[in-house]
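The values are calculated or read from the model by the stated rules, or taken from the named source; none is laboratory data. Just so we're clear, the structure is a prediction, and the values are computed from it rather than from any experiment. Virtual Cβ from ideal backbone geometry, glycine too; neighbours counted across all protein chains shown.
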Amino acid sequence: MSIVVTVDLAKLQENIWKATKICCAQDLELVAVVKGLCGHINICRQIIQAGLTKLADSRLHNIKTLKQAGIDCEMTLLRPPSMDEIDDCITYVDTSFNVDLDVLRALSHQAQLMCKEHNVSIVFDADTHREGLKGNTLQQVCQEVLELPNLQLTGLAIYFAKKETDSEYFQKEAELVKQVRAIETEFGLSLPTVSVGSSGAFGSFVRTQQIPEGINQFRVGTGLLLGISSSVGPEYIEGFHHFVFTLQAEIMQIIHDGVKNRTAVLHMGRVDVELAGLIPTDELSVFDITSDHTMICLGERHADLAVGDKVTFGVNYYSLNRLFLSPYTQVVLV
């Protein structure tokens, strides 16, 4: 194929080991968020072999694929299931994140029909600009979950959908702990999981080594897979490998514009990747992209490149996700 994604398994393993060590130092459980891999069975197996015991994904289809492939670890569904996914959610998911009582009642009903127990975590919204519940509504939903048959309330979770400052991450994580303690006091129970998610929050934690007491789980995806805390920039996490996944695209034409200026046209376009998601690895610059073609400038040091040669890029999360979704991408594990 003209588009190849190479996965350096040794670098991936080292990122997982490093993240695990950092988390263990603060008694934090590490959960690998694998939604960027679109249910790639062999890579997820490698993640488990590196020592992690829990995976998380926002797409039920991916979790179903992994479970049916025999990957027998605890799986968390990060996005609440749609109503037509309730059956599969009870069948394949160990813990689901939720925000809506109608969905929770449907989960309870289906779990009863299937004679299964299902774990749920409620998402707390600390002005993170995504799904979640606040204050009194949060407590009311938790109260009803505790009364619903075959559902187990196992914790609260928070997700940061946008970049925050280190102090903002800490403040909102502390607010999550405060809400957990209020619910535990109100209902006389102990919630086993207090979960924080996003590679931005993880990058902040790696920098500061500070997290509020009471947080006991980190959900990390991009930080493990790509060693970055933000795809915009990108912002790299110090000490982590950043080119675990590399993209090679084949040159289909060389255009000469004068003696020194040359343009290469690649067998790759917006159908495959995002322009902003390409990270040149060899002093190449991308200056245009269409649906099926990408144009890059070649300098003097690339005078030997010819049609049929491949050019290498790093990728951010959005391009990684699109590449794994594409049937035109060949994935190679090394």
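Quick rundown of the values:
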| item | result |
| --- | --- |
| The stretch 241-299, subset among the hydroxyl-bearing types (Ser, Thr, Tyr) and over 30 Å from Trp17 (Cβ atoms), residue modelled with the lowest pLDDT | Ser285 |
| Glu213 being modelled with pLDDT under 95 and over 17 Å from the mean Cα position of the chain (by Cα) | no |
| Exclusive hit being crowded, with 18+ Cβ neighbours inside 10 Å and either of a type in the set (Phe, Trp, Tyr) or part of a loop (DSSP other than H, G, I, E, B) (or both), set Ile251, Ile211 | Ile211 |
| When residues of the stretch 152-166 are limited to those that are hydroxyl-bearing (Ser, Thr, Tyr) and assigned to a strand (DSSP E or B), the one surrounded by the fewest Cβ atoms within 10 Å (Cβ to Cβ) | Thr154 |
| Candidates Thr312, Thr294, Thr290, Thr329, filtered to the one that is among the hydroxyl-bearing types (Ser, Thr, Tyr), in contact with a Pro (Cβ under 9 Å, 6 or more places away or on another chain) and on the phi < 0 side of the Ramachandran plot | Thr312 |
| Selection status of Glu173, without any contact (Cβ under 8 Å) to a residue 60 or more places away in the chain and either in contact with a Phe, Trp or Tyr (Cβ under 6 Å, 6 or more places away or on another chain) or crowded, with 22+ Cβ neighbours inside 10 Å (or both) | yes |
| Among (1) crowded, with 22+ Cβ neighbours inside 10 Å; (2) modelled with pLDDT under 95; (3) among the hydroxyl-bearing types (Ser, Thr, Tyr), the one test that Ser195 misses | (2) |
| Qualifying residue in the stretch 7-15 (condition: under 30 Å from Ile251 (Cβ atoms), in contact (Cβ under 8 Å) with a residue 12 or more places away in the chain and among the basic types (Lys, Arg)) | yes |
| Pairs, first assigned by TED's automatic domain parsing to the domain that holds Leu151 in the stretch 116-137, second surrounded by fewer than 20 Cβ atoms within 10 Å (Cβ to Cβ) and of a type in the set (Ser, Thr, Tyr), C-beta under 7 Å, six or more apart | Asn119/Thr154; Val120/Thr154; Ser121/Thr154; Ser121/Thr193 |
| Search result, residues across the stretch 280-334 that are assigned to a strand (DSSP E or B) and of a type in the set (Ser, Thr, Tyr) | Ser285, Thr294, Thr312, Thr329 |
| Conditions (1) free of Cβ contacts under 8 Å to residues at least 24 places away in the same chain; (2) farther than 12 Å from Val311 by Cβ; (3) in the same structural domain as Glu300 (by TED's automatic domain parsing): number failed by Glu283 | (2) |
| The stretch 20-51: number of residues that are in contact with a Leu (Cβ under 8 Å, 6 or more places away or on another chain) and assigned to a loop (DSSP other than H, G, I, E, B) | 4 |
| Any pair with Cβ under 9 angstrom, 6 or more apart, that starts in the stretch 313-334 at a residue that is surrounded by fewer than 16 Cβ atoms within 10 Å (Cβ to Cβ) and ends at one that is assigned to a helix (DSSP H, G or I) | Leu333/Leu9; Leu333/Asn42; Leu333/Ile43; Leu333/Gln46; Val334/Leu9; Val334/Ala10 |
| Filter result (among the small types (Gly, Ala, Ser), more than 14 Å from Leu224 (Cβ to Cβ) and in contact (Cβ under 8 Å) with a residue 12 or more places away in the chain) within the stretch 44-71 | Ser58, Ala69 |
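Residues are listed down the side, and each one gets a yes or a no for (1) surrounded by 15 or more Cβ atoms within 10 Å (Cβ to Cβ); (2) in contact with a Gly (Cβ under 9 Å, 6 or more places away or on another chain); (3) more than 26 Å from Lys11 (Cβ to Cβ):
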residue	(1), (2), (3)
Gly239	no, yes, no
Asp257	no, no, yes
Val265	yes, no, yes
Gly269	yes, no, yes
Val273	yes, no, no
Val286	yes, no, no
Ile289	yes, yes, yes
Ile296	yes, no, no
